[in-house]
1. In the stretch D:188-200, which residue that is surrounded by fewer than 24 Cβ atoms within 10 Å (Cβ to Cβ), farther than 23 Å from residue D:133 by Cβ and touching an Asp or Glu at 6+ places or on another chain (Cβ under 8 Å) is nearest to the other protein chains (Cβ to nearest Cβ)?
2. Would you be able to tell me the number of residues in the stretch B:190-211 that are touching a residue at least 12 places away in the same chain (Cβ under 8 Å), outside any strand (DSSP E or B) and more than 14 Å from the chain's Cα centre (by Cα)?
3. Quick check: is even one residue across the stretch D:264-278 facing chain C (nearest Cβ under 8 Å), crowded, with 24+ Cβ neighbours inside 10 Å and over 30 Å from residue D:117 (Cα atoms)?
4. Of all residues in the stretch C:212-227, which are small (Gly, Ala, Ser), more than 7 Å from every other protein chain (Cβ to nearest Cβ) and not in a strand (DSSP E or B)?
5. Here is a check on your reading of the model: is residue B:92 touching a Ser or Thr at 6+ places or on another chain (Cβ under 8 Å), at pLDDT 95 or above and not acidic (Asp, Glu)?
6. Quick check on the stretch B:337-360: of everything there that is at the interface with chain C (Cβ under 10 Å from one of its Cβ atoms) and out of contact with any strand residue (DSSP E or B) (no Cβ under 6 Å at 6 or more places or on another chain), which residue is surrounded by the fewest Cβ atoms within 10 Å (Cβ to Cβ)?
7. In the list A:392, A:369, which residue meets the criterion of being of a type in the set (Val, Ile, Thr), surrounded by 12 or more Cβ atoms within 10 Å (Cβ to Cβ) and touching an Asp or Glu at 6+ places or on another chain (Cβ under 7 Å)?
8. Considering only residues that are among the polar types (S, T, N, Q) and assigned to a loop (DSSP other than H, G, I, E, B), which ones fall in the stretch D:115-145?
4 protein chains.
Amino acid sequence: MAQVCILGGGFIGRFYADSLTGRRGKDQVSVVYARKEETAIRFAKDFQVAHYTTNMEEAIAHPATEFVVIALPNYLHEEAVMLCVKHKKAVLCTKPLGRTADEALRMTQACEKAGIFAGYLEDLCYTPKFLKSLKSIQSGALGRILWAKSRETHPGPHSDWFWDIQKAGGGAVLDLGCHCIEIARNFIGKDVKPVEVMCWADTQVKPIDAEDHAIGLVKYENGAIGQFEVSWTFRGGMDLRDEVMGTEGTIWINSFLRTGFEMFTSGAGKSYVAEKAESDSGWQFPVGDEAHELGYTNMFTDMFDAYEKGESPMETFYDGYVVNAIIDAAYRSAKTKLWEPVQLPEWRGQEGLSKPSVFQEYDADHWFIKEEILPNGDKKLILKVKATGEIIEKETWV
Amino acid sequence: MAQVCILGGGFIGRFYADSLTGRRGKDQVSVVYARKEETAIRFAKDFQVAHYTTNMEEAIAHPATEFVVIALPNYLHEEAVMLCVKHKKAVLCTKPLGRTADEALRMTQACEKAGIFAGYLEDLCYTPKFLKSLKSIQSGALGRILWAKSRETHPGPHSDWFWDIQKAGGGAVLDLGCHCIEIARNFIGKDVKPVEVMCWADTQVKPIDAEDHAIGLVKYENGAIGQFEVSWTFRGGMDLRDEVMGTEGTIWINSFLRTGFEMFTSGAGKSYVAEKAESDSGWQFPVGDEAHELGYTNMFTDMFDAYEKGESPMETFYDGYVVNAIIDAAYRSAKTKLWEPVQLPEWRGQEGLSKPSVFQEYDADHWFIKEEILPNGDKKLILKVKATGEIIEKETWV
Amino acid sequence: MAQVCILGGGFIGRFYADSLTGRRGKDQVSVVYARKEETAIRFAKDFQVAHYTTNMEEAIAHPATEFVVIALPNYLHEEAVMLCVKHKKAVLCTKPLGRTADEALRMTQACEKAGIFAGYLEDLCYTPKFLKSLKSIQSGALGRILWAKSRETHPGPHSDWFWDIQKAGGGAVLDLGCHCIEIARNFIGKDVKPVEVMCWADTQVKPIDAEDHAIGLVKYENGAIGQFEVSWTFRGGMDLRDEVMGTEGTIWINSFLRTGFEMFTSGAGKSYVAEKAESDSGWQFPVGDEAHELGYTNMFTDMFDAYEKGESPMETFYDGYVVNAIIDAAYRSAKTKLWEPVQLPEWRGQEGLSKPSVFQEYDADHWFIKEEILPNGDKKLILKVKATGEIIEKETWV
Amino acid sequence: MAQVCILGGGFIGRFYADSLTGRRGKDQVSVVYARKEETAIRFAKDFQVAHYTTNMEEAIAHPATEFVVIALPNYLHEEAVMLCVKHKKAVLCTKPLGRTADEALRMTQACEKAGIFAGYLEDLCYTPKFLKSLKSIQSGALGRILWAKSRETHPGPHSDWFWDIQKAGGGAVLDLGCHCIEIARNFIGKDVKPVEVMCWADTQVKPIDAEDHAIGLVKYENGAIGQFEVSWTFRGGMDLRDEVMGTEGTIWINSFLRTGFEMFTSGAGKSYVAEKAESDSGWQFPVGDEAHELGYTNMFTDMFDAYEKGESPMETFYDGYVVNAIIDAAYRSAKTKLWEPVQLPEWRGQEGLSKPSVFQEYDADHWFIKEEILPNGDKKLILKVKATGEIIEKETWV
């Protein structure tokens, strides 16, 4: 059983508490900290939390706190983590880990040095669809991964601090891209080194200093490409989709707007439909169990199980740091307009990979390119002559 | 915390155990009974169950048994329930409750007389999509419910006894129709009396005595219609879909084959994709977390929570009995080719409902029928003259 | 080149004219008849029609009329057809052919006796998806057809006369069921005799004498089942879906609301989205080319090509008559609550079919029932012992 | 009526001929040229073409040739166009227009100078879904366009010359990107200048010199972004999808693999399913009428109509040249890894656009950022203080 202290009583704190309670789980929220007392009181009441406080250190140090769950604005993550280090409490931090890789690396090293358990709350790497996809990919069903794209776009985040570049550390790339980057990284392989990043980012709609729309490409050492598409300007709800291309297959995941649940309503009997839905009449696309579909329940299960078994969780502070390093490169790229190298002073994966060969033998004299059946039933075989490099086709007419 | 004894080590018993363990739940499986010792041993090992036995009564009477979960073939349900009554253990029974309403009513009454908790394990009335739909419908988002269809078809069940009409008590209607009937009944309103049933059933493909395909209509006292479509002859996987029409809206649920998760694979790296999938290459449609999407986790949560609070669960033995009564009428109808009355010697809902009026006033002289915009932009208003009954249209040209 | 006279200047007449003109087709609309002069004038102007009139016989007899296309209310079909017979003009009649099979048979026989070309404008049996499905089914891709369901529901038709049971001859069954019945009949096989019909029909929402919602089952001589679901009370647009189950496969067609075209709009820049759409903001589901997707262009191509080649079109008056006979049985059934025989005084297909055998040999001693892979990788084979009828299973554990 | 000469008897030539004949069109194919005589003979027979030849100039100069349709490998386009110029024949050229913008500009200028009609056969800018989307966007339903993405990926093209970088002039970018670029350009606005391009391209799977996978971003002068994703390495069929984001809405188009037509087959009765489908058993996703859904029929309609009216078609050689200029920049970018300027020595659209303001007034003191309803019903309003730039939130609790 895990005794949890939640730092932060806002949107994400409530989502975490929802995921931890009310499911006949053996874990419980025992302490809550919020900056405003009224928020703390309301939270404690809504989720039956025994202790509440507006003093962060008090919350962390509280004897009823075994795990600290950081659900605070980005600019407070490092402070909160360092207090966990001080009080030797296991710590789980929401995404992104830091505003920069420097912050993230400091947190990672401090926790490792102190020997405390540190989990990175990257919920979208725990959705049921993601986990099953990852298993399929690891079993080889898609062959060698060529490209992994993840997209998260919606009409913008819930709280003021997200829109303030000082407090948040960035815009849509930091807020949403952290998910997309880690999803693609998992599919491509966590031990494959991200090498360089190209990113376009712009402020197209909102009156803010940070970007509200960005697209980025992350090149990995083995030639695979990760892609992220993020925006706070999307209309129509929250769009969460992933796509993977491999030499042997394809995966398409829709995690939110098209999950096999469709409702039309004239607007009678108004009620909450889904996170970031734009309307409560017309065609609606609710999600059955949002917290589960967004990965929260599997995430906490992995965290607490790993802790109890003395193992690493699937997503660690180190992963958060790699993600931050990729984001740092993305922000540099958005300014310099160059492919920017990913700076990873600490890298624990494979080194020196290269792109696999593209030559597949057809027979002693030819490399294979393709074969196909045409609409009228004709067959075509396309080959490359080894000796000359010439490309030839052999047709079989019906 | 619930201490659970599972009776039956087959497909559904394993699915129940999967749902109860490994999710950081506070409940545990403490006893397992199976007819064959090797099955019991394997089950106990796979799910870390402390006690196993091939003696059903011993399992039920075991001190480590607080809840009995019946995951046995249909012809053994009554015997198992009566042993729970004898030993005063809370009992949860898989679907269908009985082979007939008579059996189901005897079980219901025996449990009520003994004062034991009795829950009906109708998992598909606990799927995340179902629960959210039910909430929307109850909030009025669909207005008055006119029709609720539920479809479950797949290439046939897992165990020999399903195909034996003596042991199962029926074919696809009993096996799958029980889900569909209860889904529609929930959407229409559990306190609305099912009045009569028309059912077509046939053995189209399989060499068995029971039906392998059936379609039925259930008429409710308020004029609403429930529809079930069930088959063991479907090709392409397991098709689980519900549709609801109301005066103010529509719901379409796809619970299995199209849930926003699509995979193409050449067949490399073969692995389990989904329950009743027919192939492991080509386009696949896995479900993220099958047990959750099929309602198992929410179902046990409701059962144990209700027990601890001293309340009724959402699905009770009484509900199972009403479903069996509708199925009995369906089987009679399939033979007599008549609309057969639903015989409910015990009915606890509303009585004497009738169909609501279809007259909606447009103005003092007219009833409203419809208004529409045509492709060229013209507008049409269609009305019924109160005085004469004449139907008229008023057109506005662009 | 076909010179066409359109009778009727309403919704369907305009749709027909749209399909015939503006596509670089060699056919043209040369004459139009409408009951009201203003409608005729507007139609002639919108579609560049040389001649217009409010006299039906004059339109039919007109020298510029080679083909007569009847786009009139149901109660005028027979009169119009008889005038075509009188003037020996090729005739194409909209659906349903008659209000009853009697009317339809009289029209069929009159045209045949007069030797004029008579085509039945059943557009939904000409949609691109329908035609490709039919070809797949005829090639054997689905094996033996077990069940074919067609659904058409929307918020109600465009003109006053539809809602008047005297003029229309019926309600949703006649208006929409005629499509669904002929679709299923094509998939099952046009030469397979429809034997009996069970139909539920009710007036649930609209203040009219005819039914606004109905569901029917049509049993064919070979044991196959056709199903229709029709309604004028559906909310959310126009729902056009077909489903087919065969021993070797499945087809699912969505012809309107989900065709791979999705749009969200705040409502800015209002414009026509789709036939029977309910709103112009929120999520919309337009169809690319409505007239083509609804089969109109392929339908006229088949009609005129067949005429020029001296062949029968795919859909003839005889087909319209069979559909009417099935509808007649459906209306009787809705009243008597019995399976009503389809009365076909004239039947030109096969006679004396029966249901195929369900016995498929596994080995010398067993009939085959099923084999399956379970979630944990176990394999199950289910067989019936020929000698005893006993059902057994063979399990292979991982 | 148009008399058409088709140059090229391969895959695309046949698709064009299919689209031109057999639909009761008034246009006809009167001459065909192919490099090999057997191909020319077969083509003439299959499509009832009166004249065939293996001499290109003879075909163009033929008196039965009014329109020349170029369906030849890329390296022959310029030669064919110049012969049309010489013989003053109207010319329609398949995509891409040139291998480079230089080639394309020469062709464009030669035709304009000669005063001959020149149409660019960009079929995917004529699909029914595209045309309806374009109309919606032009009506303002999506507001200001922020981003337009088009994706075309499949397992590789049909003929040997595509795979030969000398003959084709490039790989997937030239073959598929030309579609994607022009689709996005239409949605963003054809008179908005494309400014610079960033492209990643690699040869990941095939043993060829050109790229088999690429992703590109095209920045327009008004700040809008076009995106293309192209590949010859995709598994699962042909993936054709477009997405558009605007300030007021969203469009998602799926033109091929998910169009509301789904079929499962065991593989019985094998037949052609769809262009570039990978298998004929399991789940299949056919397209109803491929030629129509891919835009061919609308494209020729526009071309011939425009010619007869003395107008420009929707897609001209000038458009083909702009596309080539963007592709040239993409290829430079793939090598230099820089954002490369689009070089348009000839530009006929708007100049000097800039990105619109992001400031939307909420009240005298605040800029508007966002408002939202949270899961528990709370409301949040996020604003920017004009005077200070501070971002604030106002919460309304339930």
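The values are calculated or read from the model by the stated rules, or taken from the named source; none is laboratory data. Keep in mind that what you see is a predicted model, and the values were worked out from it rather than measured. FYI the Cβ positions are ideal-geometry reconstructions off the backbone, even for glycines, and counts take in every protein chain you see.
1. D:196
2. Filtering the stretch B:190-211 down to residues touching a residue at least 12 places away in the same chain (Cβ under 8 Å) leaves B:190-206, B:208-211.
Of the ones still in play, those that are also outside any strand (DSSP E or B) are B:190-193, B:203-206, B:208-211.
Imposing the further condition that a residue be more than 14 Å from the chain's Cα centre (by Cα) reduces the set to B:191-193, B:203-206, B:208-211.
So the count comes out to 11.
3. Yes, the stretch D:264-278 contains a residue that is facing chain C (nearest Cβ under 8 Å), crowded, with 24+ Cβ neighbours inside 10 Å and over 30 Å from residue D:117 (Cα atoms).
4. Taking the stretch C:212-227 first, the residues small (Gly, Ala, Ser) are C:214, C:216, C:223-224, C:226.
Checking which are more than 7 Å from every other protein chain (Cβ to nearest Cβ) leaves us with C:214, C:216, C:224, C:226.
C:224, the sole residue that qualifies.
5. Details: touching a Ser or Thr at 6+ places or on another chain (Cβ under 8 Å): no; at pLDDT 95 or above: yes; not acidic (Asp, Glu): yes.
In short, no.
6. To start, the set of residues in the stretch B:337-360 that are at the interface with chain C (Cβ under 10 Å from one of its Cβ atoms) comprises B:337-339, B:355-360.
Of the ones still in play, those that are also out of contact with any strand residue (DSSP E or B) (no Cβ under 6 Å at 6 or more places or on another chain) are B:337-338, B:355-358.
Working: B:337: 14, B:338: 15, B:355: 14, B:356: 12, B:357: 7, B:358: 16.
Among those residues, the one meeting the criterion is B:357.
7. Working: A:369 fails: touching an Asp or Glu at 6+ places or on another chain (Cβ under 7 Å).
Exactly one residue qualifies, and that residue is A:392.
8. Just the residues of the stretch D:115-145 that are among the polar types (S, T, N, Q), to begin with: D:127, D:133, D:136, D:138-139.
The answer is D:127, D:139.
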